[in-house]
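Visitor: Have a look at the structure that comes next, please.
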Amino acid sequence: MNTEETQNTSNINSTGERLRDARENLGLTQKNIADRLCLKISVIRDIEEDNVPTSLASTFLRGYIRSYARLVRIPEEELRSMLAQHTQIKDPQVAVMKSYSLGKNKKKKDSLLVAFTWFILLFLISLTVIWWWQSSITDQNHVAFVTNQHAAVKINTN
């Protein structure tokens, strides 16, 4: 940095003026900066004019300023002082939205659905147990029948 640039930097009061001056020294336009940072030209213009949109969170604003400063090669020490000026910006208060959904009816329907699902599950389990029980009884009867027939055949052959 030469002495002329140092004097020019000390005369600049705001962050936006410093960023604009650095951009112009590099021969870049606002559109070039906006394209490289993937931002709208209006955001770049607002930053350079120190018009902070109220809808823009301070975290994003500081990130935009940091990216802009790196692009135009502003030293990190100077960037820290510029960001310190913008830490005083408060994020807008977000009001809690009132829910207009029918929460009680939805919960009621959900609980009915859960109860119906449990009923079906228990019904299927009970059907499976009954089938297994009948199957085992049928197998026992079949074994007893085969045993009786085998015994009858043995008796007839003797």
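Visitor: Check every one of the helices (runs of 4 or more DSSP H) wholly within region 1-66 and list those with 3 or more residues that are modelled with pLDDT under 80 and open to solvent by 60 Å² or more (accessible area, probe 1.4 Å).
Guide: By residue number, 3-11.
Yes/no matrix, rows are residues, columns are (1) at pLDDT 95 or above; (2) outside any helix (DSSP H, G or I); (3) of a type in the set (S, T, N, Q); (4) surrounded by 10 or more Cβ atoms within 10 Å (Cβ to Cβ):
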| site | (1), (2), (3), (4) |
| --- | --- |
| Phe119 | yes, no, no, yes |
| Phe123 | yes, no, no, yes |
| Trp133 | no, no, no, yes |
| Ser136 | no, no, yes, yes |
| Asp139 | no, no, no, yes |
| His142 | no, no, no, yes |
| Thr147 | no, no, yes, yes |
| Ala151 | no, no, no, yes |
| Asn156 | no, no, yes, no |
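Visitor: Cβ contacts < 8 Å: first residue within 16 Å of Pro75 (Cα to Cα) and free of Cβ contacts under 8 Å to residues at least 40 places away in the same chain, restricted to region 21-36; second residue open to solvent by less than 30 Å² (accessible area, probe 1.4 Å) and among the charged types (D, E, K, R), any location; separation 6+ or different chain. Result?
Guide: So the pair list comes out empty.
Visitor: Being at pLDDT 75 or above, in a helix (DSSP H, G or I) and of a type in the set (Gly, Ala, Ser), is that true of even one residue in region 85-106?
Guide: No.
The values are calculated or read from the model by the stated rules, or taken from the named source; none is laboratory data. Note that the structure is a prediction, hence the values are computed from the model and not measured. When we count neighbours, we look across all protein chains shown, and the Cβ atoms used for this are built from the backbone with ideal geometry, even at glycine. These accessible areas exclude ligands, DNA and RNA; they are computed on the full protein's heavy atoms, side chains included. Shrake-Rupley method; radii C 1.70, N 1.55, O 1.52, S 1.80 Å.
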